[in-house]
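The values are calculated or read from the model by the stated rules, or taken from the named source; none is laboratory data. Bear in mind that the values here come from a model prediction, so they are computed numbers and not experimental data. Don't worry about glycine lacking a Cβ; one is built from the backbone with ideal geometry, like all the others, and counts go over all protein chains shown. In case anyone asks, the SASA skips ligands and DNA or RNA and just uses the protein heavy atoms, side chains included. Shrake-Rupley method; radii C 1.70, N 1.55, O 1.52, S 1.80 Å.
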Amino acid sequence: FKAGGQKKCITALFSDIQQFSTLSEKIDELYGEEGPNKLISILNEYLGNMSKVILDHNGTIDKYEGDAIISMFGAPDPNNIYTKNQWAYYSLESAIKMKQTEEEFNKINYNAEEPEKSLIPTPLYTRIGLNSGDAFVGLMGSQTKEFNKLNYTMIGDTVNLASRLEGVNKYYKSWIICSDSTWNLANFGENKDKILARKLDKVRVFGKALPIQLYNI
């Protein structure tokens, strides 16, 4: 592990709950003064279950932004245990397992036949975006005499694209979208044809000059 920055090929995974603002409003209406505590409790359980999947697949939790999980596969990996192809495969496997875990969470907490008996007002559905490529990783933040707070994180165009692909799911009514860079790395060697993908369009996302081939996992 290097305290400083380094350039590595990683796969970035962004997940975000669909219509979370609406969900939080419904919980507030349903539970009144206990609404904030209930919302935090539900969110912590949900994010905890999702985070466990990422960690079980050797991913690294970068940070939480509200209901979003930002994570990476491939760093830190000081001993280069896995190849970039394996990391990409683990990221897609993790995304699939996250959706399966979400389904189990909803079964426990939401009763479709008798919604009034549910612990949550609506089921939770997460969109996931993934992209692979070079990024700068390392401890970043504030390092001054007055205030010192550092976080192991990732920055770069690779990361930005993964974030945008999460949002692209809205237009395709899909849940997991990855770029061709992630799919080509993951669908390789011993892991070829292990994961089913649907080829979507080539799109030009905001800030990118060249179109990106998308895959729905």
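Please enumerate the residues belonging to the range 44-68 that are in a helix (DSSP H, G or I) and within 23 Å of ASN160 (Cα to Cα). Within the range 44-68, LEU47, MET50, SER51, VAL53, ILE54, LEU55 meet the criteria. Looking across LYS117, LYS107, one residue alone is more than 26 Å from the chain's Cα centre (by Cα), surrounded by fewer than 19 Cβ atoms within 10 Å (Cβ to Cβ) and farther than 24 Å from GLY59 by Cα. It is LYS117. Do the conditions hold for SER41, that is, is it surrounded by fewer than 19 Cβ atoms within 10 Å (Cβ to Cβ) and in a helix (DSSP H, G or I)? Yes: the conditions hold for SER41. Taken as a whole, the range 184-193 holds no residue that is under 19 Å from ARG127 (Cβ atoms) and open to solvent by 30 Å² or more (accessible area, probe 1.4 Å).
Matching residues to (1) touching a helix residue (DSSP H, G or I) at 6+ places or on another chain (Cβ under 9 Å); (2) of a type in the set (Lys, Arg); (3) assigned to a loop (DSSP other than H, G, I, E, B); (4) touching a residue at least 12 places away in the same chain (Cβ under 8 Å):
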residue	(1), (2), (3), (4)
MET98	yes, no, no, yes
GLU102	yes, no, no, yes
GLU113	no, no, yes, no
PRO121	yes, no, yes, yes
ALA135	yes, no, no, yes
VAL159	no, no, no, yes
ILE195	yes, no, yes, yes
LEU200	yes, no, no, yes
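Inspection of the range 203-211 finds a residue satisfying the criterion of being farther than 18 Å from GLY59 by Cα, at pLDDT 90 or above and over 17 Å from the mean Cα position of the chain (by Cα). Scanning the range 151-158 for any residue that is within 28 Å of GLY4 (Cβ to Cβ) and open to solvent by 70 Å² or more (accessible area, probe 1.4 Å) turns up at least one such residue.
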